[in-house]
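Throughout, read-outs are computed from the coordinates displayed, never taken from laboratory work. Here the structure is a predicted model, which is why all the values come from computation and not from measurement. Every residue, glycine as well, gets a Cβ built from its backbone with ideal geometry; the counts of neighbours run over all protein chains shown.
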Amino acid sequence: MQFSTVLSVLAMGLVASAAPDVQARSGKKDVCCSGTLNCVVVVLGSACDDGHSKWQCETDSKEGSKINVLDVNLQCVKVL
C-alpha cells in the first residue's frame, strides 16, 4: 500500500514538471495581407478588405505599420 502511494506521488511530480510554462498572450495584433509580403497591422477586430487574408501576429508594431508575416519572430497564425 505504501509503495503505490510513493509511486503515485512520484508520477504526479513528473507530470507536473513536464507541464509547459504559462506564456503571456499579450501583444497579438490583427494583420491584413494581400499576398504574403504586403501586410498591414489593423485595429483589433476589424474586417479585412475582399481578397485580403487575416492573420494574428505577436508584434509591437503600431496600427498601419507594414510587416512580413513570414518573419519567424512574429509568430503569426492565419485566421480562418
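Peptides 47-54, 27-34 ranked from most to least packed give 27-34, 47-54, packing being the mean of other C-beta atoms within 10 angstrom over each peptide's residues. Taken about its Cα centre, the stretch 26-80 carries a charge dipole of roughly 60 debye when the Cβ of each Lys and Arg holds +1 and the Cβ of each Asp and Glu holds -1. Packing around the peptides 61-67, 37-43, taken as the average count of other Cβ atoms within 10 Å per residue, puts them in this order, highest first: 37-43, 61-67.
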